[in-house]
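**Student:** Below: one structure in C-alpha cells.
A short reminder: the numbers here are calculations on the coordinates, not readings from a lab. Quantities reported herein were computed from a predicted structural model and do not represent experimental measurements. Here the Cβ is made from the backbone with ideal geometry for all residues, glycine too, and neighbour counts use every protein chain on show.
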Amino acid sequence: MSVAHGIKSLGVIGAGQMGLGIAYVAALRAKVNVQLYDRSPEQVAKGLSLMDKLLAKDVAKGKIQEADARQARERVSVVDHAVGVRALRDADMVIEAVSENLEIKRRIFSELAAETRSDTILATNTSSISITKIASSAVPQGESAASVLGRSSAGRVVGLHFFNPVPVMKLVELISALQTSDETLSRAREFAVACGKEVTVSKDVPGFVSNALLMPFINEAIMWLEKGVATRDDIDKTLRLGMNHPMGPLQLGRHSLALLSAHHLHSIGLDTCLAIQQTLYAGTGDSKYRPSVLLERMVDAQWLGRKNGKGFYEYDN
Ligand code: 3HC
C-alpha cells in the first residue's frame, strides 16, 4: 500500500453526513483503517447502514468491485462508546466532524491533545470556525496554550474542509492555523489527495474561501423569498436553469436523491447554515453576513431541512 502521507489509521469523530462521508472516502479510496466515533451510538448505526447502501449502489453500478467494497467496509470499525476518544490514541490522524460549535470542538481537541501520540495529525472539518482558535485548544485540560507553548499540540492541528456529499464532491479546502507546522500541512494535503480530492488552500479567515462566498449567496436568496421578490421555486429555478447550478440555493433534491439529502440548505441543514453565518458575522462585523430574520425563525421553529422533514421544502424522510 502506498502511504506517502504516512496515514494508515484514521479516527473520525462525528458520524453525521460529513463524518460518514469522510470515513467512506478514507476507507474506499485512501484505503486506510478508520475508527468511527460518535457520542450517539444510534448515529453510528445510521451512518454505517448508509455506508453499506452507498457501497452496494457503487457495486451495482459497476463503479467498484465487490471485493473493494467488502475490504473498504472491513476497514471501518466503531469506537467503543465507553472508551471514547482514548480509543484513538494510536491513530496517525484524527478528523473531527462534529457540529459547528466552538466549545464542543475545544473540548474534543483538548482531549485529543492529551490522548493521542505527539505525531498524530489533528484535523478539523469545521466550515467556518477559526482553525487557529481550535488549535489553541489542543492542550491538555487545565493548561493554557501560552503556558505549554513548547509542548503544545497546536502545530499538528489543521483545517481539512470537505464538501457535502463527501463521496461525490471533488474538493477539499486546506487551511493552516497560525500554529500549523509545514509537515502537518503537507501530510494533510497528501491524505486529501489519496482520498481522491483536489485541494485548494485558504487562509484562516471566517468561512474560508468557500463559505465566505456561498453563505451571502444563500442568505440573499432567503431575504428575497422573505421580501416576496419571487417564489421559492422561481428563485431556485433561476439559479438552476439560468446559471446551471445543480440545485437552487433554497432547494432540496427531493426527486433525485434517494440516498441522502442534497444541495445547499438542505444538505447543509438550516441550523448549520445559521451557525456558519453567525460565525461569519461575528468574525468580520460585516453586515453582508448578517443572517436573515427568516432563517433565524426557521431554526427557532426547528424547521431544519431534510434532516427533520421540513425546511423551505417538505420531505418525506
Ligand atoms: N452521498 C453519496 N452519494 C450521493 C449523495 C450522497 N449524499 N447524493 C447523491 N449522491 C450520488 C448519487 O448516488 C449519484 O451517484 P451515481 O452517479 O453513481 O448514481 C450522484 O451523486 C448524482 O446523484 P443524482 O443523480 O441522484 O442527483 P444529482 O444529479 O442532482 O446530483 C449532487 C446530486 C451531486 C448532490 C448535485 O445535486 C450537486 O452537485 N449539488 C450541489 C452540492 C453542493 O453544492 N455541495 C456543497 C455544499 S456546501 C458544503 O458542503 C460546505 C459546508 O461547509 C457547508
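**Student:** Please give the helix 17-28 orientation as an angle from the longest Cα principal axis of the chain, in degrees from 0 to 90, rounded to the nearest 10.
**Tutor:** 50 degrees
**Student:** Counting helices only, and only those DSSP H runs with n ≥ 4, report the 222 nm mean residue ellipticity of the chain as the sum of -39,500 (n - 2.57) divided by its residues, in deg cm²/dmol to the nearest 500.
**Tutor:** Here the helix-only value at 222 nm equals -12500 deg cm²/dmol.
**Student:** What residues qualify as long-range amide H neighbours of residue 35, i.e. H under 5 Å apart, gap of 5 or more or another chain, H built at 1.01 Å from N?
**Tutor:** For residue 35, the qualifying residues are 10, 11, 12, 77.
**Student:** A further question on this structure: Once you have a ≥ b ≥ c as the square roots of the Cα gyration tensor eigenvalues for the stretch 34-177, tell me rounded if a/c is under 1.5, and otherwise prolate or oblate according to whether a/b is larger than b/c. Present the calculation step by step, with values, prior to reporting the outcome.
**Tutor:** Values: a/c = 2.31, a/b = 1.82, b/c = 1.27.
Judged from the Cα gyration tensor, the stretch 34-177 comes out prolate (a/c at least 1.5, a/b above b/c).
**Student:** Just to be sure I follow the rule: in the stretch 35-187, considering lysines 8 or more places apart or on different chains, how many pairs have Cα atoms under 23 Å apart?
**Tutor:** Lysine pairs meeting both conditions in the stretch 35-187 amount to 10.
**Student:** Counting only other residues whose beta carbon sits under 12 Å from that of residue 21, what net charge do I get with K and R as +1, D and E as -1?
**Tutor:** Around residue 21, the charge tally is +2.
**Student:** Using only Cα atoms, find the angle between the long axis of helix 208-227 and the longest principal axis of the chain, and express it within 0 to 90 degrees, rounded to the nearest 10.
**Tutor:** That helix lies at roughly 30 degrees to the long axis.
**Student:** Okay, next question. Can you give the net charge of the other residues whose Cβ lies under 13 Å from the Cβ of residue 292, counting K and R as +1 and D and E as -1?
**Tutor:** Every neighbour counted, the sum reads 0.
**Student:** How high is the FRET efficiency between residue 229 and residue 301 when r is their beta carbon distance and R₀ equals 22 Å, given to the nearest 0.05?
**Tutor:** 0.50
**Student:** What percent antiparallel are the DSSP beta bridges of the chain, to the nearest 5?
**Tutor:** Working: 7 of 31 bridges.
Close to 25 percent.
**Student:** Ok, one more. Can you give the extra length, in nm with one decimal, that the chain gains between residue 200 and residue 39 once fully stretched, where that is 0.36 nm per residue apart less the Cα-Cα distance? Show your work: numbers first, answer last.
**Tutor:** Values: separation 161, 0.36 × 161 = 57.96 nm, distance 3.10 nm.
Between residue 200 and residue 39, full extension yields 54.9 nm more.
**Student:** Let me make sure I get this right: for the chain, a, b and c are the square roots of the gyration tensor eigenvalues over alpha carbons, sorted descending. Under 1.5 in a/c it's rounded, otherwise prolate if a/b > b/c, else oblate. Which is it? Please list the in-between numbers first.
**Tutor:** Details: a/c = 1.84, a/b = 1.26, b/c = 1.46.
Since a/c reaches 1.5 but b/c is at least a/b, the shape of the chain is classed as oblate.
**Student:** OK, next. What residue among 113, 168, 91 has its Cα farthest toward the positive end of the dipole of the stretch 88-216, where the charges are +1 on Lys, Arg and -1 on Asp, Glu, each on the Cβ?
**Tutor:** Farthest towards the positive pole: 168.
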